[in-house]
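Bear in mind these aren't lab numbers, they're just calculated from the coordinates by the rules spelled out. Note that the structure is a prediction, hence the values are computed from the model and not measured. Note that each Cβ is placed from the backbone with ideal geometry, even for glycine, and that neighbours are counted across all protein chains shown.
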Amino acid sequence: MEKLNVLPELVKSESKDIAPTTSRRSFLKGGFEAMGVATLASTPAIALANESIQSDFPTWSTTMGKGLNDYGQPAKYESNVKRGIAKAYGDLAPGTGSARTPLESLEGIITPSGLHFDRSHNGTPDIDPKLHQLSIHGLVKKPLNFSVSDLLRYPMISRTYFIECAGNSSANIIAPNPIQGTAGALHGLISCSDWTGIPLATLLNEAGVDTKGKWILAEGADSSGMSRSFPIEKGFENALIALYQNGEKIRPEQGYPMRLLLPGWEGNMSVKWLRSLKITANPTHTKDETSKYTDPLANGLARQFTFELGVKSVITKPSGTMKLPEPGLYEISGIAWSGAGKIAKVEVSENGGKTWRDALLDGNSQPFCLTRFRAPLQWNGTPLFLQSRAIDEKGNIQPTREVYKANNAIDGRYHNNTIITWAINQEGVVSNAYL
Ligand SMILES: Nc1nc2c(c(=O)[nH]1)N[C@H]1C(S)=C(S)[C@@H](COP(=O)(O)O)O[C@H]1N2
Ligand SMILES: [Mo]
């Protein structure tokens, strides 16, 4: 199912214009002059000169605004900002497949809840929170059942964590020629939210884990039969039972009324609609950790468990299907993340990795969270190969495609964290490229 990463309907061929940066001053304020943009003085002004204050007021300035409403929606002019849907079995199973985050339309590090990617194996169940229960059982002293209202009485924490599917960017490694599409269509199985919930350690301590208990089997209440086992250390370290997403109750597509969240580990393990945690002595070897999510290697063996996601980044602006309208000064903007912790550094290259310069990390990088990076781009109208390369606090560096190809079998597709290239041609059209 993860094979179906990009369906043709997701690939928009028409080019969207990318807005040039509005003022030179905003670059100077950001300290970018210190970052090697020497030609600022010759940059043509983008904004119009302010000769007079507008005297003809538009209707929105002279008439009463729209009425109050009980749940806000994005501006109607932004209605094209949507998740891209790839149904693995078409209308036979309309909830199976993925809906991808439109990375190219977003800024900052938080994914709006309605645009969080959704990867579901048998649709979104309609769970009545009054009837749902979470059981902790198996090798414990005291098996426990928690209703949602029980859980809401426990002390909670809030953390900003990304979730990335192990199959993200898989089309970009498996397709012999680069598929054309937006950043979201190609790499949008990554999203980041502020999650609030109960540390799993609290509940494990209450149940009292037997000394023989070394693994946990997590099961969801949907009908996909998808379950995963994980080492108990992760349960005590930073696993979260998340009940809230970006301040409101977790969305149905993300696991309402509760999900497991294993920060930094492949998305598949963060079991949604969580109903059971069974403490076991060994891994359970479920279908989702044997036939799927395993990595066939170049040496003929397969790695069964790849829990931690690799260090990765993608430039979201400019990115696939966009167009730079004219030579001039632009801002490169992108996201970086690592399953090992914080992002330490992001570099950008305009010549396909021959030389690199540092990007600016916007805000403090947090562990298992997206980091926004920015860099100026002085485009003189000649073709270039734009890349970003992230490095995390453990010193892991985002690898090239050659490194992935050398380590993985010919049909390897999961855990593709390789450097992403956007080619810009002399017309300013941005396309997906392999280097
Ligand atoms: N119960 C259940 N949990 C699940 C899934 C599912 O289909 N059923 N999909 C998994 C996969 S493959 C991923 S990548 C993440 C995606 O989380 P999201 O849909 O909230 O982005 O949920 C995981 N948890
Ligand atoms: Mo996934």
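Highest GNM mean-square fluctuation, the chain, Cα pairs closer than 10 Å: which of Pro325, Pro257, Pro199? For the chain, modelled as a Gaussian network with Cα springs under 10 Å, the answer is Pro325.
Label separation (Leu301 vs Phe236): 2.8 nm, computed from points 7 Å beyond Cα along the C-beta direction.
Since only Gly395, Pro143, Ser224 are under comparison, the one whose Cα sits farthest along the positive direction of the charge dipole of the chain, derived from C-beta charges on Lys, Arg, Asp and Glu, is Pro143.
A Cβ-based charge dipole, computed about the Cα centre of the chain with Lys and Arg at +1 and Asp and Glu at -1, lands at about 720 debye.
Legend: calculated FRET efficiency, Thr382 to Arg357, from the Cβ-Cβ distance at R0 = 22 Å, rounded to 0.05, equals 0.80.
Relative contact order for the chain: 17 percent, from Cα pairs under 8 Å spaced at least 6 residues apart, divided by residue count.
Taken about its Cα centre, the stretch 162-314 carries a charge dipole of about 220 debye when Lys and Arg each add +1 at the Cβ and Asp and Glu each add -1 at the Cβ. Note on Trp273, Trp379: ascending count of other Cβ atoms within 10 Å places them as Trp379, Trp273, the fewest first.
Per residue, the chain reaches -2000 deg cm²/dmol at 222 nm when only DSSP H runs of four or more residues are counted, each adding -39500 (n - 2.57). Here the peptides 403-411, 261-269 are ranked by packing, the mean other Cβ count within 10 Å, and the order with the highest first is 261-269, 403-411. The convex hull of the Cα atoms of the chain, projected and averaged over all directions, covers 24.4 nm². For the pair Ser61 and Lys405 in one chain, pulling the backbone fully straight at 0.36 nm per residue adds 118.0 nm over the alpha carbon distance. Each principal axis of the stretch 143-288 carries a Cα extent, and these read 53, 35, 28 Å when sorted largest first.
When every alpha-carbon pair in the stretch 312-433 is counted, what percent end up more than 16 Å apart? Value for the stretch 312-433 (Cα pairs over 16 Å): 60 percent. Per-residue packing, averaged as other Cβ atoms within 10 Å, sorts the ranges 310-323, 420-433, 145-158, 95-108 into the order 310-323, 95-108, 420-433, 145-158, beginning with the highest. By the count of other C-beta atoms within 10 Å, a proxy for reagent exposure, Phe57, Phe117 are ordered fewest to most as Phe57, Phe117. In terms of packing, defined here as the mean over residues of other Cβ atoms within 10 angstrom, the peptides 349-361, 235-247 line up highest first as 235-247, 349-361. Which residue, Tyr256, Ala340, Cys369, has the largest displacement toward the positive end of the dipole of the chain when charges sit on each Cβ (Lys, Arg +1; Asp, Glu -1)? Towards the positive end, the residue furthest out is Ala340. Loop-located chymotrypsin sites (Phe, Trp or Tyr not before Pro) in the stretch 51-116 (DSSP state other than H, G, I, E, B) with a sparse environment of at most 11 neighbouring Cβ atoms within 10 Å: Tyr71.
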